[in-house]
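Below is one structure, written out as structure tokens, with a few remarks after it.
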């Protein structure tokens, strides 16, 4: 799941300072689940901004609303009039949502209200930890199901490094050494031979490099013929 | 008509919170008239938006009065309440508003002093800080 | 349809009308175009005064009411009942505590009090208009079973009390020892899982090799202390060390103790492996006095960190000291040790003497009762919570000292923390009586103010499922949250935490709470 965090309110207020009419749009998907941009957060943000404005003697109009999935055009389209009717849109979704709105209405200003962070696993309520960086070439079948790219501070493919001591990472003593965890897991699975196998340098071309990556399912794409004159309306 | 200050909203739970307020009254405690109590079943029902919207609607200070944490009628309700108040404090601080304007208190139904003390503290805070933005709504 | 509100103003035996101007209040009430009837009565708590109010309610066809009187808990049963007869739903009667919230605390400030009362009335009307009628539902309990887990002192006491109410008692005993208690006794059996809610539980029982399901309307946890789990460095070093109750049995059998006796509070004085909940000091003192009386020549030493004998048992401490029992107090820095090479000498630094003592012993006894290790298994099975010390956690101590926070699950005896037999028995009786009364109601009442999910808004994020202490929310077949209303207690914790605002608590919706707040803030006083 994509995990994001609300930007500090001061920063958001500053971003929006010179605009009169603001639409705040949340999203009911990942960012609602990670308690950053759901309906509740949108309402609280709007309320807090209003209180701040009262303190500073400023006047701005805020409207808060939520869409099902902000990264999909069809859902965004549903609130088009609210977006275009405002001076600026504050997206309380991940950066994908903000960019979807931005791409759909390029003349209109869309600012991010959240800092999009990680692909995280909810370890417990309120705690998300990064376990994937989306490198595009998964190898965890060789590392006991534990991703060293995201969980090792040095993203080492052959570990542990010399900085691993007492199962802790030298970069941050509070973090478990990913390779110690990999060793334990492989031992548990009786596959310790894997740890001695040298993994050659990874093909990083699948990772974030050379601009934006696009994943395509040709069979799912609509053909030109199918698309013709057809706009999905919900 | 003058807009008399301070204005304080207190959310109290129907269990220990309300009982403590009733006991305080029956014990002859004086409470500042500016305190307006709103009853909810449990302080776990409190949502940050309730506290914020009270401030937005003109309250100078808001407080929540729930059961003692180890003796909550709904087991963990007042712990939840405390966490919600904590989050609102954080939001207010980020927005540049004094976070003392929002506070959580706990009381057992037998604590006659708890509600008057909470009310007095919030009245003091509200008088010291004054209305948000100098009083115009 | 327009809401038809009746406003009832109680003079509260003139207490309210002394400070407040009732006519002004009536005028405020009639300003609202939803209010169709306003009545002032002398004392709403007097049933005779209600008759004309209800006659008026019927005449004006009101469908909801605002009652300005005193504490809701004191008056609501009678008033609600009267309104129900007059055809008004009980959840549409809104109470305003004008006496304790306005009159009593603002005595002598007539103007503020008056305005506050008026504002409170306006707020209550604004809220009453938004209320919706709710119903309480009932479900038959499938069985009359009270399942008692553990057949020790507390369990047996619980069984006899529960049986007295007419409930069917089923005792689960981990061991195979024979007992006499009313009801069915299942030896060698344990609870390994549970489903359902208070009134209709299905317990998964493992009895010997077999596992089967057992219906239960109520459960009493009486697992007792962890008598058998002696762990810690001292227990390791001294193989034949024994817990206090075993030693007491030896003593009763008449055989003299083997050499000098040392009673230590815990097998693990540093507290690393076993967390001792408490020490059975009452019984320790009782035992040493008995021992000294029967075998006056035996050297008896009690080694302890903190002595807490309850009530008059303090006298036993003096009595024991007088007849020659030695008491040695230590703290963590000089905690008792036994060198495994010399397994009959205990070294400990006496806090009052400041010296390290070597005490030779023939019998080593532990006064502590560690928590029962089954508590954890049982907590997982029944999904009830535990204390930090490893005992079963109970609900509010003032209101329900023998219940867990989970409705229908009761707890007694040393399952909570170690107790003397007498105390455990009393608690067992209390828990048994409560469980019996609960079961004999025969029906589970639910509904009313409960949570409700707007599934369109739900993201199935599990936040409500994790937060609810009663396991009411679950993710249903539509992959959206649903509320098991039989389990819902109406606290609204899930409502307040839902990030998508998909859950509302009936009659305590955001709109209702915020409208009330707004109206209250609208008044100047």
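Values in this text are rule-based calculations from the coordinates and carry no lab data. Only a predicted model underlies this, so the values are computations on that prediction, with no experimental measurement involved. Positions of Cβ are backbone-derived with ideal geometry, glycine not excepted, and every protein chain shown enters the neighbour counts.
Tabulated results
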quantity: In nm, spacing of pseudo-spin labels at residue C:466 and residue A:78 (7 Å Cα→C-beta vector); calculated: 2.6 nm
quantity: Ratio Rg/Rh [Cα only; Rh per Kirkwood] for the stretch B:19-62; calculated: 1.03
quantity: Cα gyration tensor shape of the stretch C:233-366, rounded if a/c is under 1.5, else prolate or oblate by comparing a/b with b/c; calculated: rounded
quantity: Relative contact order %, the stretch C:5-134, counting alpha carbon pairs below 8 Å whose residues are six or more apart; calculated: 31 percent
quantity: Label-point separation in nm, residue C:445 to residue A:119, each point 7 Å along Cα→Cβ; calculated: 5.4 nm
quantity: Spatial separation of Cα centroids for the stretch B:1-59 and the stretch A:15-88, in angstrom; calculated: 29 Å
quantity: Partner chain coverage, peptide B:104-116 - average Cβ within 10 angstrom; calculated: 1
quantity: Between 0 and 90°, nearest 10: helix C:421-440 axis offset from chain C longest Cα axis; calculated: 30 degrees
quantity: Extension gain from residue C:386 to residue C:245, taking 0.36 nm per residue of separation minus the Cα-Cα distance; calculated: 48.3 nm
quantity: Along principal axes, Cα extents of chain C, largest first, whole Å; calculated: 91, 59, 44
quantity: Residue among A:98, A:13, A:220 with the largest mean-square fluctuation in a Gaussian network model of chain A, springs linking Cα atoms under 10 Å; calculated: A:220
quantity: Residue mean of other protein chain beta carbons inside 10 Å, B:12-19; calculated: 3
quantity: For the stretch C:448-506, convex hull of alpha carbons as volume per residue, Å³; calculated: 67 Å³
quantity: Residue among A:85, A:113, A:162 with the largest mean-square fluctuation in a Gaussian network model of chain A, springs linking Cα atoms under 10 Å; calculated: A:162
quantity: Residues C:45, A:34, sorted so that the one with the fewest Cβ neighbours within 10 Å comes first; calculated: C:45, A:34
quantity: Spatial separation of Cα centroids for the stretch C:424-466 and the stretch C:1-55, in angstrom; calculated: 36 Å
quantity: Relative exposure of A:141, C:106, judged by other C-beta atoms within 10 Å (fewest first); calculated: A:141, C:106
quantity: Overall Cα dimensions of the stretch C:1-88 - principal axes, largest extent first, Å; calculated: 37, 28, 20
quantity: Residues C:146, C:288, sorted so that the one with the fewest Cβ neighbours within 10 Å comes first; calculated: C:288, C:146
quantity: Residue A:208/residue A:127 FRET efficiency (R0 30 Å; Cβ-Cβ; nearest 0.05); calculated: 0.70
quantity: Among B:78, B:34, B:53: highest mean-square fluctuation, GNM of chain B, C-alpha pairs under 10 Å; calculated: B:53
quantity: Helical contribution to [θ] at 222 nm, DSSP H n ≥ 4, -39,500 (n - 2.57), averaged over chain A, rounded to 500; calculated: -8000 deg cm²/dmol
quantity: Prolate/oblate/rounded call for chain B, Cα gyration tensor, a/c under 1.5 rounded; calculated: oblate
quantity: Whole-percent pair-distance distribution, where bins are 10 Å wide, for the alpha carbons of the protein assembly as shown; calculated: 2, 10, 15, 18, 19, 17, 11, 6, 2, 0, 0
quantity: At R0 = 41 Å, FRET efficiency that the Cβ-Cβ distance of residue B:87 and residue A:215 yields, to 0.05; calculated: 0.65
quantity: Chain C: calculated mean residue ellipticity at 222 nm from DSSP helix runs of at least 4, using -39500 (n - 2.57); calculated: -9500 deg cm²/dmol
quantity: Relative contact order computed over chain A (Cα-Cα under 8 Å; 6+ residues apart), in percent; calculated: 17 percent
quantity: Whole-number Å³ per residue for the convex hull built on Cα positions in the stretch A:2-118; calculated: 80 Å³
quantity: Prolate/oblate/rounded label for chain A (Cα gyration tensor, a/c 1.5); calculated: oblate
